[in-house]
Amino acid sequence: MSPNSGSAPGPLGASDEFTVIAGLRARFEAAAALRAPGGDAPPVGDIWIGDDAAVVTLPSSGRSVLATDLLVGGVHFDEAYSSLEDVGYKALMVTVSDIAAMGVRPAYALVSVAAPPGTDFDLLGAGLAGAAGECSCVIVGGDLAGAPVLVVSTAVLGVAESGAPPPLSRGGARPGDLLFVTGPLGRSAAGLRLLSDVASGAGDDSALARPPASDLVRAHRRPVARVAEGEAARRSGANAAIDLSDGLAGDLRHLAEASGVGVDLDVVPVADGATAEEAMTGGEDYELLIATGDPDELLAAFRGADLATPLVIGRCTDHPGHLAVGGDPLPTGTWLHRF
Ligand SMILES: [Mg+2]
């Protein structure tokens with residue numbers, strides 16, 4: 001797209017738009033080829049990066065699931081705490097996490113980047129390609145523009161195969177459903193706290209290289225979407241799911257409101273090295289919260305897929321608006337953009 005400001009005509013060089021796109025294209029196609037050994041990348045008849053729009057073959061004929069998300073420098077990440085490779089990785093994973101929350105595998109992604117002069121697209125592209133390879137999602141297009149701050153927007157398409165349970169929504173939970181999370185919470189918020197402590201001179205830099213601090217920092221920089229877990233939950237007949245991006249308290253409230261149920265939590269699993277507050281309201285966990293009326297099926301599906309056992313945290317009730325943890329009101333803190 002041609003801008004009306006913020007750029008200038010001139011000779012092509014190492015850092016011009018088309019050279020950068022060619023480098024990213026090679027990287028993304030290489031990541032896709034690794035996932036299709038012996039096959040063409042793109043498959044014959046499909047068109048990926050380089051045309052006006054991408055042409056893809058859907059992996060099955062079921063319902064398509066689409067999500068988009070964006071990361072903004074200074075709002076969603078601090079380049080003092082995360083490398084450009086981390087930012088690229090996370091930018092794709094957070095959108096894949098929304099697809100995973102619907103119980104669906106990601107198939108294709110579009111990536112749009114607005115970046116300041118001097119941005120290292122090799123690093124950013126390596127992170128994006130790493131996440132794409134990790135979750136078998138092919139980056140087939142996008143856009144690139146100059147801007148005062150780095151913004152990375154990703155859009156992901158997934159497909160729920162026909163004949164299987166439909167995509168999970170956050171509105172399907174019923175009174176009596178048990179609530180599970182796919183792992184202990186608070187890791188990302190604790191990792192950010194440790195990084196910020198070190199930056200302010202209050203923390204011990206060398207401790208960041210050892211567990212549990214190293215795990216917490218990694219969870220902040222490189223969250224991994226729970227794709228297999230979401231798929232197992234959907235196939236097991238779970239009623240609802242949501243990914244924990246804003247924090248358990250906030251996302252639980254979203255699920256309860258959308259489903260018209262109340263919630264009684266017994267316990268909140270706190271990750272090693274995190275605080276109870278970070279687990280409840282820290283956000284960016286990217287674990288899944290799942291509601292099911294058939295917990296045995298859910299546990300069997302996770303076992304069958306060789307996944308870590310999900311942790312039961314409470315149940316849904318028929319008292320909409322009543323949200324409690326251990327008998328106390330659920331905290332109200334959550335991540336919120338203000339305009
Ligand atoms: Mg979400």
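In table form, for the structure just shown:
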read-out	value
Sites Val72 and Asp296, calculated FRET efficiency, Cβ-Cβ separation with R0 45 Å, nearest 0.05	0.55
Alpha carbon Rg of the chain, scaled by the compact-globule rule 2.2 N^0.38 Å	1.03
Charge dipole (debye, nearest 20) of the stretch 240-339; +1 at Cβ of Lys and Arg, -1 at Cβ of Asp and Glu	220
Principal-axis tilt of helix 84-101 within the chain, Cα atoms, nearest 10 degrees	50
Histogram of C-alpha separations across the stretch 173-215, 5 Å bin width, %	6, 19, 22, 15, 9, 7, 7, 7, 6, 3
Two-site FRET efficiency, Glu257 against Arg174, from Cβ-Cβ distance with R₀ of 22 Å, rounded to 0.05	0.95
0 to 90° range, to nearest 10: angle between helix 187-199 axis and the chain longest Cα axis	60
Length released on extending from Ser200 to Ala145, taking residue separation times 0.36 nm less the Cα-Cα span	16.5 nm
Given charges at Cβ of Lys, Arg, Asp, Glu: the stretch 202-330 dipole, positive-most of Ala300, Gly326, Pro212	Ala300
Distant-in-sequence amide H partners of Gly314 (H built 1.01 Å from N, under 5 Å)	Leu179, Asp266
Compactness relative to 2.2 N^0.38 Å, alpha carbon Rg of the stretch 46-85	1.84
Within the chain, helix-based [θ] at 222 nm, where runs of 4 or more DSSP H residues each add -39,500 (n - 2.57), nearest 500	-10000 deg cm²/dmol
Computed over the stretch 115-233: relative contact order in percent, which uses C-alpha pairs under 8 Å that are six or more apart	21
Sequence-separation-based contact order of the chain, relative, with Cα cut under 8 Å and 6+ spacing, percent	20
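FYI, it's all coordinate maths here, none of it is from the lab. On a predicted model such as this, the values are computed, not experimentally measured, just so you know. Cβ sites come from the backbone with ideal geometry, for glycine too, and all protein chains shown count toward neighbours.
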